[in-house]
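*Asks:* I am attaching a structure below and will ask some questions about it afterwards.
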Amino acid sequence: MSMVTVIRNAEVYQPEHAGVKDILILAGKIAAVEENIRLDLGGAVEAEEIDASGMAAVPGFIDCHEHIMGGGGEGGFHTRTPEASLGDLICNGVTTVVGCIGTDGVGRDMTALLAKAHGLENEGITTFAYTGSYQVPVHTLTDSLMKDIMMLDKVIGVGEIAISDHRSSQPSYEEFLRIAADARVAGMLSGKAGIVNVHLGDSPRKLDLIRRAVFETEIPASQFLPTHVNRNEALFQECLDFAAEGGNIDFTGNEDIDYWETICDEVRVCKGIRRLLDRGISSDRFTISSDGQGSLPMFNEKGEFQGIGIGRASCLLKEVRECVRKEGIPLEIAVKGITSNPASILKLSGKGRIKKGFDADICLLTRHSLELQTVIAKGQVMVRDGKQIVFGTFEKGR
Ligand code: ZN
């Protein structure tokens, strides 16, 4: 890895549009974003130059909800989904991932999740995790949820706690409230977000537990990050209200971008973001995550298992592209959902921006078709000209 890299003539989105600039990378950090950066290293150090003419530079993607060690299992043990490989992430532009467990908090636990997160970090990207799973009481690594958030570097909050779902532990209001209160205080004491990532199911109870907590207690709406908000129209309407009242909402992308609209009333991500913006809600309030490696189980009205698919991180860029092409949302707004918004909502310092002092996590996209060309994570080129060049330990191509 070169210690000095210069990206030349990129159309820079910080994500704010900054025009055509060079980006100087030193020792894994962004050292300058300026026009015509001149390097005089006296031949002592070799600099790598990347020509980004005709390309857009956007921050490396942050996938804030991904089942990195697999999830699922709703159709029996053989339906447990596989782990994410390094390639599953970097080939889709993801340079930071927040791992979570999911439905099965017995067959998978926090020890294994953190081991997986450390493995991906060793392979070159940045990883965080939520403690717990769908289940309440929360299955932690230490003896308490507060201790997990305060004392485990990678743990930034709790989740995904399932509500309004037939797979949920059906927490009482008091149980749910205690989780939020503990996460909030633990976050405060450790300088973390202490976010409660909430899995929303299909039921008509929708956001009831969250809205009651915000209404009846001192806990602010921003403590919660509900996910799968676009799962159905009725749920989405209530989530828009929640965002209008100061909450943040996480859309779940879908790689098979036309599929859901044909079989149920899932709100297409680009249309949902358009509605959020048209309602005058701040463009800081949404994130898009992949639910990568998570199962996409299908149940009939009786709750009987019908079949299963798998989430993929490739949906992130597809959704952003749809926002731009189908809804005319500017790239600098759409891309916030997978860069600066998750970074600030989850307090991931040094992440989500192309600015001096930030980590050198950068994606280069072709300017018009928005195809992923180059991915840089902490200053290291991971994908070049659309081809993976850094491989996970057990991936092909080493
Ligand atoms: Zn979920």
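The values are calculated or read from the model by the stated rules, or taken from the named source; none is laboratory data. Worth saying up front: this structure is predicted, and the values here are computed from it rather than measured. Please note: Cβ atoms are built from the backbone with ideal geometry, for glycine as well, and neighbour counts cover all protein chains shown.
*Asks:* Report the residue count in region 196-223 for those that are among the polar types (S, T, N, Q) and buried (at least 17 other Cβ atoms within 10 Å of the Cβ). Spell out the reasoning first.
*Replies:* From region 196-223, those among the polar types (S, T, N, Q) are 197, 203, 217, 222-223; that's our starting set.
Next cut, buried (at least 17 other Cβ atoms within 10 Å of the Cβ) only: 197, 223.
Residues flagged as among the polar types (S, T, N, Q) and buried (at least 17 other Cβ atoms within 10 Å of the Cβ) within region 196-223 amount to 2.
*Asks:* Pick out the one residue from Thr95, Thr142 that is surrounded by fewer than 19 Cβ atoms within 10 Å (Cβ to Cβ), on the phi < 0 side of the Ramachandran plot and of a type in the set (Ser, Thr, Tyr).
*Replies:* Numbers: Thr95 fails: surrounded by fewer than 19 Cβ atoms within 10 Å (Cβ to Cβ).
When all the criteria are applied, what remains is Thr142.
*Asks:* A further question on this structure: For region 1-18, give me each residue that is within 26 Å of the chain's Cα centre (by Cα) and exposed (fewer than 15 other Cβ atoms within 10 Å of the Cβ). Don't jump to the end; show me each part of the working.
*Replies:* The first filter runs over region 1-18 and keeps only residues within 26 Å of the chain's Cα centre (by Cα), leaving 7, 10-18.
Across region 1-18, the qualifying residues are Glu16, His17.
*Asks:* When you check Ala84 against the structure, is it touching a Phe, Trp or Tyr at 6+ places or on another chain (Cβ under 9 Å) and at negative phi, yes or no? Walk me through it before giving the result.
*Replies:* On the way: touching a Phe, Trp or Tyr at 6+ places or on another chain (Cβ under 9 Å): no; at negative phi: yes.
No.
*Asks:* Pick from Gly309, Gly303: which is among the small types (Gly, Ala, Ser) and within 15 Å of the ligand (Cβ to nearest atom)? First the steps, then the outcome.
*Replies:* Details: Gly303 fails: within 15 Å of the ligand (Cβ to nearest atom).
From the options Gly309, Gly303, the qualifying one is Gly309.
*Asks:* Pairs only if they're at least six apart or on different chains, beta carbon under 8 angstrom, first in region 177-201 and in contact (Cβ under 8 Å) with a residue 12 or more places away in the chain and under 20 Å from Glu216 (Cβ atoms), second of a type in the set (Asp, Glu) and surrounded by 24 or more Cβ atoms within 10 Å (Cβ to Cβ); list them, first residue then second.
*Replies:* Val198/Glu160
*Asks:* Now for a different question. What's the number of the only condition in (1) within 16 Å of the ligand (Cβ to nearest atom); (2) among the hydrophobic types (A, V, I, L, M, F, W, C); (3) closer than 23 Å to Ile163 by Cβ; (4) not in a strand (DSSP E or B) that Ile288 fails to meet?
*Replies:* Single failed check for Ile288: (4).
*Asks:* Another one. Conditions: (1) touching a Lys or Arg at 6+ places or on another chain (Cβ under 8 Å); (2) buried (at least 22 other Cβ atoms within 10 Å of the Cβ). Leu89 meets all but one. Number of the miss?
*Replies:* It fails just one condition, (1).
*Asks:* How many of the residues making up region 174-189 are within 14 Å of Leu152 (Cβ to Cβ) and crowded, with 18+ Cβ neighbours inside 10 Å? Spell out the reasoning first.
*Replies:* Start the filter on region 174-189 by keeping residues that are within 14 Å of Leu152 (Cβ to Cβ), which leaves 183, 186-187, 189.
After this cut, where a residue has to be crowded, with 18+ Cβ neighbours inside 10 Å as well, the list is 183, 186-187.
So the answer is 3.
*Asks:* Inspect region 356-363 for any residue being surrounded by fewer than 20 Cβ atoms within 10 Å (Cβ to Cβ) and small (Gly, Ala, Ser) and give the result as yes or no.
*Replies:* Looking through region 356-363, at least one residue is surrounded by fewer than 20 Cβ atoms within 10 Å (Cβ to Cβ) and small (Gly, Ala, Ser).
*Asks:* For the subset of region 166-215 comprising residues that are in contact with a Pro (Cβ under 8 Å, 6 or more places away or on another chain) and among the hydrophobic types (A, V, I, L, M, F, W, C), which member is farthest from the ligand (Cβ to nearest atom)?
*Replies:* Top of the filtered list is Val214.
*Asks:* Quick check on region 213-221. Is at least one of its residues closer than 22 Å to Gly102 by Cα and not aromatic (Phe, Trp, Tyr)? Before you say what the answer is, go through the steps one by one.
*Replies:* Applying the first criterion (closer than 22 Å to Gly102 by Cα) to region 213-221 yields none.
No, because not a single residue in region 213-221 is closer than 22 Å to Gly102 by Cα and not aromatic (Phe, Trp, Tyr).
*Asks:* In addition: Looking at (1) modelled with pLDDT of 95 or more; (2) under 22 Å from the mean Cα position of the chain (by Cα), can you tell me which one Thr142 breaks?
*Replies:* Just one mismatch for Thr142, condition (2).
*Asks:* Continuing with the same structure: Would you please list the contacts, defined by Cβ atoms under 7 Å and residues six or more apart or on different chains, that run from a residue in region 239-252 that is free of Cβ contacts under 8 Å to residues at least 60 places away in the same chain and within 15 Å of Arg274 (Cα to Cα) to a residue that is assigned to a loop (DSSP other than H, G, I, E, B) and within 16 Å of the ligand (Cβ to nearest atom)?
*Replies:* That search, which allows pairs on different chains as well, returns Cys239/Leu207; Cys239/Val229; Ile249/Val229.
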